[in-house]
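Q: One structure, as structure tokens, below. Some questions next.
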Amino acid sequence: MTDDPMPTIDLARTTAELITRGRGILAADESIATMSDRLQRAGVTPTVANRRAYRELLVTTPGLSDGVTGVILCAETLRQSLSDGWSFPDGLAIRGLLAGITVDTGVKPLAGAPGETVTEGLDGLRERLADYVALGARFAKWRAVLRIGAGQPSWHALHANAHALARYAALCQEACLVPIVEPEVLMTGTHPMRRCRDVTSAALMVLFAQVRLDALVLKPNMIVPGEGSDDFATPEQVAAETMAALRNVVPESVAGVMFLCGGQDPETATMNLAAIADLDAPWPVTFSFGRALAEPALSAWHGDPRRVPHGQQALAGRVVANAAALARGRGSLLARS
């Protein structure tokens, strides 16, 4: 960081730019370990250079800003540069995109709650946020992870994760970064759809009792059965259960709702998003997908520089499909400008 005075950042304006009708967010913020594992499974050597090259492939995709407003990066990528010499944040800005940053340090075992976790990273966060703003970040993300099981999640786990999300959100707003709060209820398990709805509602209820709502974006899971369940849910059922859960507990003053894909395959995530967007909503509804957007690009690229256009074409196709899903929905017509 330098001692130069920071430019004034209008938090409300950034929020409006981030939540733009008919566009979503690309989540390219996997940790070094997670990204390296995905590269390796795709047959790509998991080096610093290849992680950077893959993220460059994503953010330089032609026309990306037609379907997304911003890209969430990890700290490693935020500090790297594109091949043309521009930093990733500046390269995004040139392309009409906002740079985001994941600021938590991952999930750790929660003391007093065997088998449950809490997301950490609050220590030193104020200073890290100032550094990220100086590097060009305009919004941030923090992910809490809740698992459904016998007696889980406990109220202890719900409160611990909600408290961390609330403290993170307040620090972001202080630093003029738009906070995206992500209390994710995992698909892992054999639980029925109703159990997912109950846990998601409880997590949101505890969260919204603690946070300021101005300039805050919610990134929730969709209400789906556990991946090991015998339940089958149509997109219309997913949409009805998801919207019912959110409308019961999410205040209308929340800036917007960006759904995560949560392990759904790209096509299923898009179909469920389209069904959700077709329902009336008091807040703008969009997407913040990671694997559901970027996994096809990784598969098409395979680490071969000659196949960069193929990877970008695959990403562009998924972005167009999800933007079209939003455009078809009635809910998108009611979103705040």
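Q: Could you say whether any residue in the range 71-91 is modelled with pLDDT of 95 or more, in a loop (DSSP other than H, G, I, E, B), on the phi > 0 side of the Ramachandran plot and in contact with a Ser or Thr (Cβ under 9 Å, 6 or more places away or on another chain)?
A: No, every residue in the range 71-91 fails to be modelled with pLDDT of 95 or more, in a loop (DSSP other than H, G, I, E, B), on the phi > 0 side of the Ramachandran plot and in contact with a Ser or Thr (Cβ under 9 Å, 6 or more places away or on another chain).
Q: Take the conditions in a loop (DSSP other than H, G, I, E, B) and under 22 Å from TRP283 (Cα atoms) and apply them to THR14. Does it pass?
A: On the way: in a loop (DSSP other than H, G, I, E, B): no; under 22 Å from TRP283 (Cα atoms): yes.
So THR14 fails the test.
Q: Looking only at the range 176-200, which residues are aliphatic (A, V, I, L, M), outside any helix (DSSP H, G or I) and crowded, with 22+ Cβ neighbours inside 10 Å?
A: LEU177, VAL178, ILE180, VAL181, VAL185
Q: With the requirement that a residue be acidic (Asp, Glu) and within 30 Å of ALA175 (Cα to Cα), what does the range 207-248 give you?
A: First pass over the range 207-248, keeping only residues acidic (Asp, Glu): 214, 227, 230-231, 236, 241.
Correct list: ASP214 only.
Q: Now for a separate question. Need the failing condition index for ALA292 against (1) buried (at least 24 other Cβ atoms within 10 Å of the Cβ); (2) closer than 17 Å to ARG197 by Cβ, just the number.
A: (2)
Q: How many residues, within the range 230-242, are surrounded by fewer than 23 Cβ atoms within 10 Å (Cβ to Cβ) and either in a loop (DSSP other than H, G, I, E, B) or in contact with a strand residue (DSSP E or B) (Cβ under 9 Å, 6 or more places away or on another chain) (or both)?
A: The number of residues fulfilling the criteria is 5.
Q: Consider only pairs whose beta carbons are under 8 Å apart and that are at least six residues apart or on different chains; among these, list those whose first residue lies in the range 148-175 and is of a type in the set (Val, Ile, Thr) and whose second residue is part of a helix (DSSP H, G or I) and open to solvent by 10 Å² or more (accessible area, probe 1.4 Å).
A: Cβ pairs passing all conditions: ILE148/ARG195.
Q: Is there a residue in the range 212-225 that is touching a Pro at 6+ places or on another chain (Cβ under 6 Å), in a helix (DSSP H, G or I), touching a residue at least 24 places away in the same chain (Cβ under 8 Å) and more than 25 Å from THR34 (Cα to Cα)?
A: no
Q: Exactly one condition in (1) open to solvent by 10 Å² or more (accessible area, probe 1.4 Å); (2) among the β-branched types (Val, Ile, Thr); (3) within 22 Å of LEU18 (Cβ to Cβ); (4) in contact (Cβ under 8 Å) with a residue 24 or more places away in the chain is not met by VAL118; state its number.
A: (3)
Q: Right, here's the next one. Go through the range 243-262 and give me each residue that's open to solvent by less than 30 Å² (accessible area, probe 1.4 Å), of a type outside the set (Val, Ile, Thr) and in a loop (DSSP other than H, G, I, E, B).
A: Listed by number, the residues that qualify are ALA255, LEU260, CYS261, GLY262.
Q: Then there's this: Report whether or not VAL206 is in a helix (DSSP H, G or I) and open to solvent by less than 10 Å² (accessible area, probe 1.4 Å).
A: The answer is no for VAL206.
Q: Something else: Scan the range 75-112 residue by residue and report those that are hydrophobic (A, V, I, L, M, F, W, C), open to solvent by less than 10 Å² (accessible area, probe 1.4 Å) and closer than 19 Å to ALA33 by Cα.
A: LEU78, ILE101, VAL103
Q: Shifting gears a bit: Pairs only if they're at least six apart or on different chains, beta carbon under 9 angstrom, first in the range 264-289 and touching a residue at least 12 places away in the same chain (Cβ under 8 Å) and open to solvent by less than 30 Å² (accessible area, probe 1.4 Å), second hydroxyl-bearing (Ser, Thr, Tyr) and assigned to a strand (DSSP E or B); list them, first residue then second.
A: LEU273/THR286; ALA277/THR286; THR286/THR69
Q: Okay, next question. Name, by its number, the condition in (1) outside any strand (DSSP E or B); (2) more than 17 Å from GLY256 (Cα to Cα); (3) in contact with a strand residue (DSSP E or B) (Cβ under 9 Å, 6 or more places away or on another chain) that does not hold for ASP131.
A: It is condition (3) that ASP131 fails.
The values are calculated or read from the model by the stated rules, or taken from the named source; none is laboratory data. Keep in mind the model is a prediction, meaning the values are calculated, not measured. We place every Cβ from the backbone using ideal geometry, glycine too, and count neighbours over all the protein chains shown. These accessible areas exclude ligands, DNA and RNA; they are computed on the full protein's heavy atoms, side chains included. Shrake-Rupley method; radii C 1.70, N 1.55, O 1.52, S 1.80 Å.
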